[in-house]
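Derivation of every value follows stated rules applied to the coordinates shown; laboratory data play no part. This structure is a prediction, so every number in the text was calculated from the model and none was measured. All Cβ positions, glycine included, derive from the backbone under ideal geometry; neighbour counts span all protein chains shown.
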Amino acid sequence: MTGRHTDRHTDRDTGRDTGRDRDGWRQLDARTLLVHCAWLAAPLGSLALTALATGGELDLRGWLTLGAIGAVFAVITTAGFVTWSRTRYRVTDDSLEVRAGLFTRRLRSIPLHRVRNVDLTANPVQRVLGLTVLRAGTAGSAGGRSELSLDALSRPEAVRLRAELLARAGAVSAQDPVLATADPRRLRYAPLTFWVFGGVFAALGAVWRVFDGIGIKPWRIGFVRRSFEEFGHSALWLTVPAALLAVVVIGVIGSVLLYAENWGRYRLEWTDRETLGVRHGLLTTRSVSIERARLRGVALREPLLLRAGGGASVRAVAGGLGNREENRKRSAVLPPASRAEALRVCAGVLGEEVSTDGLRPHPRVALRRRVVRALTWCVLPPTVVLAVLGLLLTPVLLYCAAGYALLATPAACGFARDAYRALGHAVRGRHLVVRSGTFGRETVTLRRDAVLAWTFSDTPFSRRSGVVTVTAAVAAGEDGYRIRDMSAMEAAGFADTATPGLVTEFLDRSSFAEHARNASDETRI
């Protein structure tokens, strides 16, 4: 009987034992066990705050908390050791395999030819320890069942394994130009986001929950109570603007710091002829690889504030990046930057220049529909509520209702006109271009051969107006991209022009002939 033999190999970059046996199985890095201790920071910090609030004396509740922390630490550490010791992985000729489990042994594998992205992430604790989590996703990883995760590897081993997986998946080694790198000048676009305001209140809510969870009532703290009392007895015409200014200043500082942490050490490049790689992050690093074959297009995003500052950001429309939430995190290829740089990155990702100007406008009825919706949902309800309360309570609210209606009506109409001007669509060479939105304007450039189906939807009101919403279904990104309030007379013809043969059998040929002649010049390069 022959016993199990393990050949020990040494990592050339780190000098550490990789623990690879004769069959090629490799072990996770032993420093992974130290990461399990990171969870102690929150309960120990909570215990320290409790001790500080009580003058350094722990009551029975505090000792019970300390005992619970010790017991949970022992359980989690033991579980982490068992998981680490029983987890192995290897790369065979045709698959990546991961073996784990103590009582129930599990063996998962994914074919190398289906690997579509290899994501490297590391939180601050893992970065200090020199570790990285590797996630390999396939074409069918939308639900996470076709994704393998190795938690965690040494940084050199993770980089080497990613290169091996991508090479074995069929990528051809060739160095292409770098598309974009970190630039401190982009920090000026950080405050032009919603988080300037929302981030402040989100942070205050998180602090409130922490204090409430450890039994401290924030409103009972002396300086907090005095601040609210002084605020209520002060001149509100001074204190309210001062409070708003403080929120803006804190929000600006926080957004700049968050931007720097998320997008520090940023680099976007074609790592080889078939793989687009993006890496960013100071404390928590993220490295995402997107295969060219899974790249369906790009989305140029211009939210209202960012657009006012001449900025934009870029997302890749690609498959194999996980579910919708994971896709939104992994698909970002350019943070808020100048619009000119965003257009240059779009061209670099697509491999050709695609203009987003001169799109085909939508019928004027689309403007009327947006004005009606803006007045119906943004102006009318608050005005009615204030007027009713004025009739029931005090005439002052009637003046407030009239003032709100006078101020909100032109603002709503202005936003409606801007939303109408944003509408546009076109066929440009090999791509379909769609643009819409005012608060979150987005211009999506899709490969025409990536469109799998078309959906035409309308309502009784849109049918009376002669418009229809057309959705291009794509197996990537948001799964579908809408062309809103398009003329019903040209919708089917435009879809057939963009994807010949896909909807031809549903067309009325007599009405399509004229549209085809009008669109023929647009489709020529």
* Structure fact -> Rounded to the nearest Å, the spacing of the alpha-carbon centers of segment 300-317 and segment 88-132 is 35
* Structure fact -> On the formula 1/(1 + (r/R0)^6), with r taken between the Cβ atoms of Arg328 and Ala74 and R0 of 30 Å, the FRET efficiency rounded to 0.05 is 0.20
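Peptides 149-161, 238-250: what's the order by average Cβ count within 10 Å, highest mean first? Provide the component values of the computation, followed by the final result.
Details: 149-161: 19.9, 238-250: 12.2.
Those peptides, ordered most packed to least, come out 149-161, 238-250.
Per-residue counts of other Cβ atoms within 10 Å, averaged by peptide: what ranking do you get for 432-445, 390-403, highest first?
In decreasing order of mean packing, 432-445, 390-403 become 432-445, 390-403.
Cβ under 10 Å from Leu107's Cβ, Leu107 left aside: what net charge do those residues give with Lys, Arg +1 and Asp, Glu -1?
Working: positive: Arg88, Arg99, Arg105, Arg106, Arg108; negative: Glu97.
Cβ neighbours under 10 Å give a net charge of +4.
If I take R0 = 25 Å and measure r between the Cβ atoms of Asp479 and Phe439 in this structure, what FRET efficiency does the formula 1/(1 + (r/R0)^6) give, to the nearest 0.05? Mind dumping the intermediate values first?
Details: r = 22 Å, r/R0 = 0.88.
Given R0 = 25 Å and the Cβ-Cβ separation, E is 0.70.
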* Asked: Tally Lys/Arg at +1 and Asp/Glu at -1 over every other residue whose Cβ is under 12 Å from the Cβ of Arg265; what's the total?
  -> +2
* Structure fact -> If R0 = 56 Å, then Ala260 and Thr104, at their Cβ-Cβ distance, give a FRET efficiency to the nearest 0.05 of 0.80
* Asked: For Leu406 and Glu352 in one chain, what is 0.36 nm times their gap in residues minus the Cα-Cα distance, to one decimal in nm?
  -> 14.6 nm
* Leu380-Leu245 pseudo-label distance in nm [points 7 Å out on the Cα-to-Cβ vector] -> 4.1
* Structure fact -> Once amide hydrogens are built 1.01 Å from N within the peptide plane, the residues lying 5 or more places from Val333 or on another chain with amide H under 5 Å from its amide H are Val314, Arg315, Ala316
